[in-house]
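Laboratory data are not the source of any read-out in this text; all were calculated from the coordinates shown. The structure displayed is predicted, hence computed values, not measured ones. With ideal geometry, Cβ positions are generated from the backbone for all residues, glycine too; neighbour counts draw on all protein chains shown.
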Ligand SMILES: Cc1ncc(COP(=O)(O)O)c(C=O)c1O
Ligand SMILES: NCC(=O)CCC(=O)O
């Protein structure tokens, strides 16, 4: 793989951008590598500045569910831009988007648009605190909810990758209001509620934790969260930034038949533009300014380009029955991976829901962060590098989830399996 131009750009970037990147996970530190710089991306392929073409399973970390630059999205953005790129006054797209979200997501009665997943969880936490008049928040170890101060405690994703689950710059007082518990442990949550029940504003959880590999809830865990939060009058916040509009039209809450109080959304709803949203029960959402006492705002929130892009992407997913297609492709990949693991006598775990997947380089049952951390990191690094050399780009960390898009085809899945067969032979 040629890397001259990427290397040059990275050298330049490091002089003027901290670490040379605008988000830490892009730095490839966990694979002892350096990032490649992208020239263009179309469908399931990206082309870097050195002319390498890669089959992509990162999909801009989730948003690219139709693949990169689908025509419906680029056309919608072009049309919207011709009418003005930002107004700072309501526009019709915002109403359409809110109606679509309320229609698709089972628990959402009212929704507010923001500009990132981080803003969505940050605002949901503030709203839960304002609504309950309480301060404490419960989160689970390994769950990542964006870089919100009070949630950067025992966080997943880049925070994990860099071996520092806790960030400098978060006041101890903020972190003290955050109670962290191991995922899938209802007993400990019950004990925490018995002790601090009347101080807990919210419990926030990643719908399916997907920033520490891809972890599934054990039977009864999510139902237990719902029941305990209801019993103690705490707000149950479901973070569907990654899974929302990805695993089903209505996200994990549709799959699990669960009604949280508030839901954080992002990624797919923006069609690749900077978008987030949070919504839920009208009784809680009405606590937001200007109707209520909880302040929340944004110069670019509900931006017409972002709304047009997201609407176009979601409507196209519905039109082409994208979720059924993603399940087909995901099942093909899963079958192939399981056959490869059996053939090579590897007892690695493979988790998948629809188009989201993670291969764990461990035989441990995956239930929480501790089990995820048993993965063989050296084996992952060698696998990642070998895949890249064969033209397949997987997330550059053993703690990230892979994404298939509607633009992938049987051909690409089979190519990927061939690359995996070679790469697993070397680990
Ligand atoms: C579950 C989850 N919540 C929140 C976020 C934060 O979103 P953003 O990066 O758009 O701020 C992410 C991803 O980054 C995420 O995966
Ligand atoms: N799973 C990791 C993310 O989704 C975030 C990407 C980023 O922070 O750049």
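Sorting the segments 105-115, 269-279, 9-19 by their residues' average number of neighbouring beta-carbon atoms within 10 angstrom, most packed first, yields 269-279, 105-115, 9-19.
Over the chain, Cα pairs under 8 Å with separation of 6+ residues give a relative contact order of 22 percent. Applying 0.36 nm per residue to the separation of residue 425 and residue 85 and subtracting their alpha-carbon distance, the gain on full extension is 117.4 nm.
The label-point distance for residue 32 and residue 196, in a model that sets each label 7 Å from Cα toward Cβ, rounds to 4.0 nm. Running a GNM on the chain with Cα contacts under 10 Å, which residue among 379, 154, 128 ends up with the highest mean-square fluctuation? Evaluated over the chain, the most mobile residue of the options is 379.
A simple packing score, the average count of other Cβ atoms within 10 Å per residue, orders the peptides 142-152, 313-323, 237-247, 50-60 as 237-247, 142-152, 50-60, 313-323, with the highest score first.
Among 70, 398, 171, the largest mean-square fluctuation in a Gaussian network model of the chain (Cα springs under 10 Å) belongs to 171.
From the alpha carbon centroid of the range 240-306 to that of the range 86-123 is 6 Å.
Summarise the long-distance tail of P(r) for the range 4-94 by giving the % of C-alpha pairs beyond 21 Å. That tail contains 49 percent of the Cα-Cα pairs. Between the beta carbons of residue 335 and residue 60, assuming R0 = 25 Å, the FRET efficiency works out to 0.40 to the nearest 0.05. Taking 0.36 nm per residue of sequence separation and removing the Cα-Cα distance, the residue 376/residue 299 pair yields an extension gain of 23.2 nm. Peptide packing: for 256-262, 359-365, the average count of neighbouring Cβ atoms within 10 Å per residue gives the ranking 256-262, 359-365, highest mean first. The mean sequence separation of alpha-carbon pairs under 8 Å and at least six residues apart, normalised by the residue count of the range 71-318, gives a relative contact order of 32 percent. Label sites at residue 283 and residue 319, each approximated as a point 7 angstrom past Cα along Cα to Cβ, lie 4.0 nm apart.
Remark: C-alpha extents of the chain on the principal axes read 56, 54, 45 Å, sorted largest to smallest.
Under a Gaussian network description of the chain, with springs only between Cα atoms under 10 Å, the residue in 407, 82, 378 that fluctuates furthest is 82.
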